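The numbers here are math on the coordinates, done by the rules we state, and not lab data. Treat the numbers as computed from the prediction; the structure is a model and nothing was measured. A quick note on method: Cβ atoms are made from the backbone with ideal geometry, for glycine too, and the neighbour counts reach across all protein chains shown.
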Amino acid sequence: MNDGKLLEVDVGVGGISTSVRPRELGDDLHSETMVVNLGPAHPATHGTIRIVAELSGEKIVDADIDVGYLHRGFEKMCETVDYNQVMPYTDRLNYVSPAINNFGWCLTIEKLLEIEVPKRAQYIRVILSEISRVADHLTCLGASAMELGAFTVMLYMMEAREDLWDLIEEVTGARLTVSYGRVGGVKDDITPGFADRAKAAFKKVRDHLSNCDRLLTRNRIFIDRMCDVAVISAEEAINSSLTGPMLRGSGVKHDLRKSFPYSSYEEFEFDVPVGTKGDNYDRFLVRFAEMEESLKICEQALAKLPEGPIAVSDPHVTLVPKDEVYNSIDGMINHFELVMYGVKPPKGSVYNAIEGANGELGFYVVSDGTGKPYRAHVRSPSFIHMGAMRKMILGANISDIVPTFGMINMIGGECDR
């Protein structure tokens, strides 16, 4: 018996090798560890994630996390189109809350252009972002509850999400890949009577969340499965560059909407929920509490929504009105120039970050003065958070992998490059 000595066994799959290998143990219960593959499969590991886990019985003693590929090539694709044509690609980063991605990209290019969008456009961006944030959290918590057997909770949360996606579809024309953002503003104004329909939808969402709270958050089985599992301390969370609910679940009160306000977030009253222990249960409660705060922000924004334009009035940034295109030569020239050559920021580079549903979503863009990005890079929270998963599951049971993965809320589009 050679305690801890690795056996020369290659457990690579599909030509991909891994450092996790079975080893001999010196206890009476198990003679050696077992290496198993979890994924790639859907839905538990989202179709791309492969976890190579080394087990002693049901205890995880080592793990190798492979995020896999979706073959999107987001960053290189950005270099082939103009700045507004990047919008559909941002939809597909976090495709559960795409409007937030749209506005993060727009704010980055607007920073390059050194422009600020009109107040009404800022408020509309806030409203759509917070509705999308709630829809994202509902998807995360509903799916995670289902994976622990709470199927009824998942149904309540999916019904609540439908009410919110109806609102998003009413404004943007789409439910999922909305492509609603525009450099310099937004595509369309909100529809007449939207505030009343949003008020009714928010009431239904709160009713569903109340039912979920009674069913789940004090359920003995759920608490036993989530509490003291995958604990990440505040120091470890900061050292691992965690952000969003992952960081706040560890007790760090950091939210870009408060720390570095954008789009007039400083004008809204809302709290930043934080956890205490940094376990899966804290991360669940933080997301649950954040949904109420997002609804409060939406209600404030709708109540104070200012009048005015929804985009800057610069023909070099936004399309001129159609009546100018059809009735004046200058309007037609401006229209065709912007469509053919795109927005042309000055030469330079910029990084801008916003508070995505999963954490800090940042874009680094290099401009060479043409209508296409010279280079683009996305700082996506899911990719960063997956780097902490190995630490989170070591010492846990194999049954803890799926709920831990669920609380990370990995979105494949954010991991792929």
Helix 119-147: inclination vs the chain longest Cα principal axis, degrees, rounded to 10, gives 20 degrees
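Treat every Asp and Glu Cβ in segment 336-417 as -1 and every Lys and Arg Cβ as +1, leave all other atoms uncharged, and give the resulting dipole magnitude about the Cα centre to the nearest 20 debye.
280 debye
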Between the modelled labels at TYR364 and THR276 (7 Å from Cα along Cα→Cβ) the distance in nm is 3.9 nm
Once you have the alpha carbon radius of gyration of segment 290-417, what is it after dividing by 2.2 N^0.38 Å, with N set to its residue count?
1.57
Most fluctuating residue given options ILE109, ILE65, ILE232, as computed from a GNM of the chain linking Cα atoms under 10 Å
ILE65
Over all directions, the average projected area of the alpha-carbon convex hull for segment 116-168 comes to how many nm²?
3.7 nm²
Extent along principal axes [Cα atoms of segment 321-386; Å; largest to smallest]:
53, 26, 14
What value does segment 205-348 have for Rg/Rh, both radii from Cα atoms and Rh as Kirkwood defines it?
1.20
Using just the helices of the chain, give the 222 nm mean residue ellipticity in deg cm²/dmol: DSSP H runs with n ≥ 4 each add -39,500 (n - 2.57), and the total is spread over all residues, rounded to 500.
-13500 deg cm²/dmol
Candidate lysines for bridging to LYS203, where Cα separation is under 16 Å - those fewer than 8 sequence places away on the same chain excluded
LYS296
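Just list whichever of LYS111/LYS258; LYS76/LYS253; LYS253/LYS277; LYS277/LYS391; LYS111/LYS199 have alpha carbons separated by over 25 Å in the model shown. Don't jump to the answer; show the numbers that get you there.
Details: LYS111/LYS258 19 Å; LYS76/LYS253 35 Å; LYS253/LYS277 13 Å; LYS277/LYS391 15 Å; LYS111/LYS199 33 Å.
Over 25 Å Cα-Cα: LYS76/LYS253; LYS111/LYS199.
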Cα long-axis angle, helix 194-212 against the chain (0 to 90 degrees, to the nearest 10):
10 degrees
Largest first and in whole Å, what are the equivalent-ellipsoid semi-axes of segment 192-243 based on the Cα gyration tensor, each being the root of 5 times an eigenvalue?
34, 21, 5
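Counting each pair of different Cα atoms once, what's the Kirkwood radius of segment 345-417 in Å, rounded to one decimal? Don't skip to the answer; put the middle values down first.
Numbers: mean 1/r = 0.0703 Å⁻¹.
It works out to 14.2 Å.
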Helix axis angle, 329-341 relative to the chain longest principal axis, alpha carbon, degrees
20 degrees
Stick to the Cα atoms of the chain, pair each with every other, and give me the Kirkwood hydrodynamic radius in Å at one decimal.
22.9 Å
Sorted largest first, the Cα spans of segment 231-305 on the principal axes come out in Å as 41, 23, 12
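For segment 78-187, what is the convex hull volume of the alpha-carbon atoms per residue, in Å³? All intermediate terms of the calculation are to be shown ahead of the outcome.
Working: hull volume 10.1 nm³, N = 110.
It is 92 Å³ per residue.
Determine one quarter of the surface area of the Cα convex hull of segment 52-97, which equals its mean projected area, and express it in nm² to one decimal. All intermediate terms of the calculation are to be shown ahead of the outcome.
Details: hull surface 20.1 nm².
Computed as one quarter of the Cα hull surface, the answer is 5.0 nm².
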Amide H of ARG375 versus every other amide H placed in the peptide plane: which residues, excluding those fewer than 5 positions away on the same chain, fall under 5 Å?
VAL366
Semi-axes of the equivalent ellipsoid of segment 15-147: what are they in whole Å, largest first, if each equals the square root of 5 times a C-alpha gyration tensor eigenvalue?
43, 19, 12
Within segment 275-315, the residues whose backbone N lies under 20 Å from a label point placed 7 Å from the Cα of MET332 along the Cα-to-Cβ direction are 315
Derived scalar couplings ³J(HN,Hα) [segment 281-295; Karplus, 6.51 cos²θ - 1.76 cosθ + 1.60; whole Hz; x for Gly, Pro]:
5, 4, 5, 5, 5, 4, 5, 4, 5, 5, 4, 5, 5, 5, 4
